[in-house]
Amino acid sequence: MHHHRLSGPHEAMGRQYAAQLTDDGRSLADAATEPLDPSEERRALARDCTTHVEEHAPFLLEELRGIADATGIDAELVATVPLALDAEAGCSLVAVSGERTTTGAPLFGRNHDFFPSFRDFATLYRTAPADGIASIGCSCVYVGRCDGVNEAGLAIGFAEVPPHEFEPGIPWQLAIRAVLDTCRSTEDAVGFLESIPHATNVNFLAADATGDIALVEASPNRVTTTRPADDLVSVTREFHTESMREAYQSTDRTPADCARRQTVAAWFADQERPVSPADLQTAMGDPDDGMCWPVGDDGDPRSTIWSWVIDPADASGYLAADSPVDAPYEPIEIGSE
């Protein structure tokens, strides 16, 4: 997994990113999940999304301009990759309430389930915006984040929900980055995610150091927030709220139909003592007893390409920088190497 450390004003962070790529012997084309010559249709979609990002998170566009400036690549081409990113990631999210943890605060887990080839793009970012909140988080696309925790003790991640349609709005990876940079609590994150237009169907799970856990189910037309009552909240690729399922999911799958959710529910039911971060690593990383998705022979090419267990109260986490079947969980702190 690649590592980038970015700090300062956002345009300067874009320049730092480009400089760090050069130091790694990589170009922006090497780091981009798609070719830097998108179709006119993709460029038009990105332009439409830019309008919404300009309104709700303009600092991210500054960072993209910094990358374009430092690489000498046309700014629109640089921006189109994250703004019109058309990828369907599987993903599993778990939050255990502080009532049931050794820390007395929530523990948060997230597996990024996607094509194994995307391990080439997987990057851990340490980000310290001059006028924002420092964070750690992972992504396969520059500027965006798939998950992470910030120094205020707010953890967040996503799971995309089919059917996959992309409309002008703010893509999930830029929404999560904006939350990490600007929100200090689950309540702040909910307020932001309810205020923006979303580009796709997506579930967000947020948990903060105070114990507030929220599931935000978003679509281009509607956002629904719930605060689940159970001590274990697990989220995959289904909407939980019946109204969201009826409106947006062409499938009749319910959350209960997901094998990964059934497995983690059985794991949690077996826990007779409070859950520690190490326990949650087992739940997230064990291919037999947890939510990990090994590279299988069942025809589905996806696998877990990284896995987090995050302690929001400590604003730190444990990261398996590849499939947890193969990679150990290593402690990661904001601001540390």
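Of note:
- Using the Cα coordinates of segment 93-191, the gyration tensor eigenvalues translate into equivalent-ellipsoid semi-axes of 22, 17, 15 Å, sorted from longest to shortest.
- Size of charge dipole - the chain - debye, nearest 20, with Cβ of Lys, Arg +1 and Asp, Glu -1, no other charges: 300
- Here the scattering of segment 178-247 is modelled by Debye summation over its C-alpha atoms, one equal scatterer each and no solvent; at q = 0.11, 0.18, 0.27 Å⁻¹ the log10 of I(q)/I(0) is -0.25, -0.67, -1.36.
- With helices as the sole contributors, the chain gives -9500 deg cm²/dmol at 222 nm; each DSSP H run of n ≥ 4 counts as -39500 (n - 2.57), and the sum is divided by every residue.
- Carbon and sulfur %, accessible surface of segment 167-283 computed with the full protein complex present, 1.4 Å: 46
- Debye equation applied to the C-alpha atoms of segment 1-157, log10 I(q)/I(0) at 0.08, 0.17 Å⁻¹: -0.25, -1.07
- Of the GluC sites (Glu not before Pro) found in segment 54-124, the ones in coil according to DSSP and having at most 15 other Cβ atoms within 10 Å of their Cβ are 88.
- Between 20, 173, 109, the Cα set farthest toward the positive side of the dipole of the chain (charges on each charged residue's Cβ, about the Cα centre) is that of 20.
- With every protein chain in place, segment 1-156: carbon and sulfur % of accessible area (1.4 Å): 47
- Extension gain for residue 3 to residue 54 (0.36 nm times residue separation, less C-alpha to C-alpha distance): 15.6 nm.
- Rg followed by Dmax, in Å, when the chain is reduced to its Cα trace: 18.5, 58
- Highest-MSF residue in the chain out of 64, 77, 280 [GNM, Cα springs under 10 Å]: 77
- Between residue 44 and residue 230, the contour length at 0.36 nm per residue exceeds the Cα-Cα span by 62.7 nm.
- For residue 157, the residues 5 or more places off, or on other chains, whose built amide H falls under 5 Å of its own are 205.
- Under a model in which nothing but the beta-carbon of Lys, Arg (+1) and Asp, Glu (-1) is charged, segment 34-172 shows a dipole of about 660 debye around its Cα centre.
- Solvent-accessible surface of segment 54-197, averaged per residue with a 1.4 angstrom probe and all protein chains in place: 27 square angstrom.
The values are calculated or read from the model by the stated rules, or taken from the named source; none is laboratory data. Note that the structure is predicted; figures quoted are calculated from it, not measured. Glycine gets a Cβ as well: all are built from the backbone with ideal geometry, and neighbour counts include every protein chain shown. Remember, those area values only see protein heavy atoms, side chains included, never the ligands or the DNA or RNA. Shrake-Rupley method; radii C 1.70, N 1.55, O 1.52, S 1.80 Å.
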